[in-house]
Amino acid sequence: MFIGREAELSALEKAYSRDKFQMVVMYGRRRVGKTTLVSEFIRGKPAILFSAKEMSEKMNLQNFSEAVYRFFDYPAAMGAFTGWDTAFDFIAEQAVMSRFILAIDEFPYAANASPTLTSIMQHIIDHKLRHTGLFLLLCGSQIGFMESDVLGYKSPLFGRRTAQIELGGLDYYDAAKMLPNTTAEEKIKYYATFGGTPHYLAMVDTDIGFEENVKELYFDPQGYLFTEPTMLLKQELREPTVYNSILTAIATGSSRLNEIATKIGESTSKTIKYIKVLMDLKLVHRVHPFGDNPERSRKCVYQLSDNCFRFWYRYVFPHMQAVETGAGAQLADTIVFPDMSAFVGKPAFEEVCKQYLIRQNKLGQLPFLALSYGTWWGADAQTRTQTDIDIVAANLQEKSVLLCECKWKTMPPGEAELRTLREKNRLLSDYDRYHYMLFTKTSVNVTAKEVMVVTADGLFE
């Protein structure tokens, strides 16, 4: 069953509805669901789907020829195209007579095996395909290649794309659709632990419960996710050692550049170079306090962008030997599960709450139209202490702001915490209208009309 991706599917359908040449570029990390989305989009449409492989140019051309001949009902005895130029010349000739989709999955594999491929495509697009109704869809998992060698200004294909889609994981709401017969609290725990990658969520057996799924998938040497993150890293990077160290440092609490550098034993100048590579791979992102200039802020911190990686580098990677020697289940029971409330609470639950606000904002359900989101932290001049606001949603033009606190704990917040939330308006003085929202695991036992309360159940209503 196809789940979510309404916006991306709509964008593809909108591009397809235009009766002229289209070149759509779609990219995203492995396992995120690109192929599934492409298959859903082309269903019922005239389409050639070719998936390139890590093999020679000759063999990729052979497979491409077979896919093309099969679509046009040509005999395979015609033989493979002699080169990508003749292959796309043929596609251009056919596209003059009929409209169809040519979807090339894992495009970087074909391009790496044939360095002239992008130049050949540029020439064909400019001189032939631009005057046809071909819908060309290029997909890839190598994010750096897709952004530089396909979309980048130095690429021969620069300026030819008509749309681009960067595919990320499912948000908490769509991810929950893959977890039937689970409570709201369990859905959030699954999302915090497995993230929004459809392939990983499909591995979950909700009949055996959260803890057993974690043990089977993460803490068993034969578990699918036991080595998955580091295997993906090895596919992207030749020397993953330092990157593993950085990801572990961030996952275990070192978020500032100097802290990360100290933890891994490298200089800050060298560490930031490695971090930038991880940011290009969408594995790490930079966060600055709400309201700060992102280019000049000195308060920035780094976070892992994927919940699966965050969980794995925090709990699995440091204890791989224990898992390999059969102690994984005991490790999970004694170290992991007792710490789950803290792990889910920050930053995963805050991420879920922010996604909820974004969904509500699209529906016009917030007190105002929010134009920016973030987290604020810094000094409280009145109390002379360091403090923070979990989520800020704001519209500076309207001078309206929504201050949110996210409390993932068994005991519900009381009057004191509600009062503290209301008093934080002094930390953001650029606004005239202040609104407040409190996210909790369970219902609140106090009444505060000016504070909107959203429980775990409410996140899914």
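The values are calculated or read from the model by the stated rules, or taken from the named source; none is laboratory data. Everything quoted here is computed from the prediction, not taken from an experiment. Backbone-built Cβ (ideal geometry, glycine too); neighbour counts: all protein chains shown. Note: accessible area is taken over every heavy atom of the protein model, side chains too, but ligands, DNA and RNA are not part of it. Shrake-Rupley method; radii C 1.70, N 1.55, O 1.52, S 1.80 Å.
Is it the case that some residue within the stretch 384-397 is more than 32 Å from the chain's Cα centre (by Cα) and modelled with pLDDT under 95? Yes, the stretch 384-397 contains a residue that is more than 32 Å from the chain's Cα centre (by Cα) and modelled with pLDDT under 95.
Met203 falls short on exactly one of the conditions (1) within 22 Å of the chain's Cα centre (by Cα); (2) aliphatic (A, V, I, L, M); (3) surrounded by fewer than 21 Cβ atoms within 10 Å (Cβ to Cβ); (4) over 29 Å from Thr35 (Cα atoms), and that condition is (4).
Across the stretch 325-358, which residue is nearest to Met437 (Cα to Cα) among those that are open to solvent by 30 Å² or more (accessible area, probe 1.4 Å) and aliphatic (A, V, I, L, M)? It comes out as Ile358. Would you point out the residue of the stretch 359-372, among those that are in contact (Cβ under 8 Å) with a residue 24 or more places away in the chain and open to solvent by 30 Å² or more (accessible area, probe 1.4 Å), that is nearest to the chain's Cα centre (by Cα)? Filtering first and then ranking leaves Arg359.
Selection of first residues in the stretch 391-411 that are within 12 Å of Phe290 (Cα to Cα) and of second residues that are among the basic types (Lys, Arg), restricted to Cβ pairs under 8 Å at least 6 apart or on distinct chains, gives the following pairs, ordered by first then second residue: Ile391/Lys354; Val401/Arg433; Leu403/Lys424. Counting the residues of the stretch 18-37 that are more than 17 Å from the chain's Cα centre (by Cα) and modelled with pLDDT of 95 or more gives 4. In the stretch 381-404, is there at least one residue being touching a Phe, Trp or Tyr at 6+ places or on another chain (Cβ under 7 Å), at positive phi and part of a loop (DSSP other than H, G, I, E, B)? Looking for residues that are touching a Phe, Trp or Tyr at 6+ places or on another chain (Cβ under 7 Å), at positive phi and part of a loop (DSSP other than H, G, I, E, B), one finds at least one in the stretch 381-404, hence yes. Looking across Leu438, Leu421, Leu402, one residue alone is modelled with pLDDT under 90 and either touching a helix residue (DSSP H, G or I) at 6+ places or on another chain (Cβ under 7 Å) or crowded, with 17+ Cβ neighbours inside 10 Å (or both). It is Leu421. Suppose we keep only residues that are touching a helix residue (DSSP H, G or I) at 6+ places or on another chain (Cβ under 8 Å) and part of a strand (DSSP E or B) within the stretch 154-165. Which one would you say is nearest to Leu129 (Cα to Cα)? Ranking the candidates gives Ala163 first. Considering only residues in the stretch 381-394 that are touching a Ser or Thr at 6+ places or on another chain (Cβ under 9 Å) and over 16 Å from Ser429 (Cβ atoms), the one that is surrounded by the most Cβ atoms within 10 Å (Cβ to Cβ) turns out to be Ala393.
Residue count for the stretch 173-200, restricted to those that are in a helix (DSSP H, G or I), in contact (Cβ under 8 Å) with a residue 40 or more places away in the chain and surrounded by fewer than 20 Cβ atoms within 10 Å (Cβ to Cβ): 5.
Applying a threshold of 8 Å to beta carbon distances and a minimum spacing of six or more residues, or different chains, the list of pairs starting in the stretch 206-226 at a residue that is under 11 Å from Val336 (Cβ atoms) and ending at one that is part of a loop (DSSP other than H, G, I, E, B) and of a type in the set (A, V, I, L, M, F, W, C) reads Tyr218/Leu225; Tyr218/Phe226; Phe219/Phe226. Considering only residues in the stretch 156-172 that are more than 14 Å from the chain's Cα centre (by Cα) and open to solvent by 10 Å² or more (accessible area, probe 1.4 Å), the one that is nearest to Ala348 (Cα to Cα) turns out to be Gln164. Please find, within the stretch 279-317, the residue that is farthest from Leu331 (Cα to Cα) out of those that are of a type in the set (Phe, Trp, Tyr) and touching a Pro at 6+ places or on another chain (Cβ under 8 Å). Checked the stretch 279-317; the qualifying residue farthest from Leu331 (Cα to Cα) is Phe309.
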